[in-house]
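The values are calculated or read from the model by the stated rules, or taken from the named source; none is laboratory data. All values derive from a computational prediction rather than experimental measurement. Glycine gets a Cβ as well: all are built from the backbone with ideal geometry, and neighbour counts include every protein chain shown. Note: accessible area is taken over every heavy atom of the protein model, side chains too, but ligands, DNA and RNA are not part of it. Shrake-Rupley method; radii C 1.70, N 1.55, O 1.52, S 1.80 Å.
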Amino acid sequence: MLKKVRRTSSALTVAAMVVGGMMLSAGSASAAAYCSSTGYPEPGFPMSRCTVLGSGTLFHQKFNASATKTQITTWYTKDSGDPITAKFGYSHGGTDYWAGNFNQSKGTTKSTSWFSYTPDFRCATTVGLLSVVGQGRYQTPPANCG
């Protein structure tokens with residue numbers, strides 16, 4: 001069972017991101033936008049993946065929010081370029097799950113979260129999605145328990 005919770009933030013500062021059960025503090029949107037050439041924002045956490053795009057970085061992660069639920073979050077840190085209208089999603093088992101459209105300008109981070117109550121969903125293979133109106137669809141590498 002999935003429950004969608006939409007959280008968007010236009011703040012330049014990202015207070016904290018949870019990656020693989022660890023808290024990572026980031027001082028600014030650009031500091032939060034690290035993505036290795038292999039598509040990992042943090043080494044050793046295969047449940048968190050990322051993709052560097054022309055105007056920013058797309059992230060996707062899962063972590064256990066409690067003993068019975070997994071939080072799935074997709075977010076985009078936009079570093080440059082014109083404002084966009086887009087929507088976040090994730091793909092699992094051949095099905096895409098989408099949130100509603102949002103607008104985003106450079107220097108901001110936006111995110112959407114969903115919750116799964118399926119046991120061990122943290123290790124299920126999922127892909128973070130970003131669909132930008134007039135530009136196309138982008139995705140992260142698959143996130144799972146590696």
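Summary table below
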| item | result |
| --- | --- |
| ARG137 accessible area, 1.4 Å probe, all protein chains in place, Å² to nearest 10 | 120 |
| Distance between modelled label sites at CYS145 and THR95, nm, 7 Å Cα→Cβ extension | 2.2 |
| Region 79-146 pair-distance distribution - Cα-Cα, 5 Å bins, rounded % | 4, 14, 24, 25, 15, 10, 7, 1, 0 |
| Label-point gap, in nm, between TYR138 and SER105 - each point 7 angstrom along Cα→Cβ | 1.9 |
| Label-point gap, in nm, between CYS123 and THR85 - each point 7 angstrom along Cα→Cβ | 4.3 |
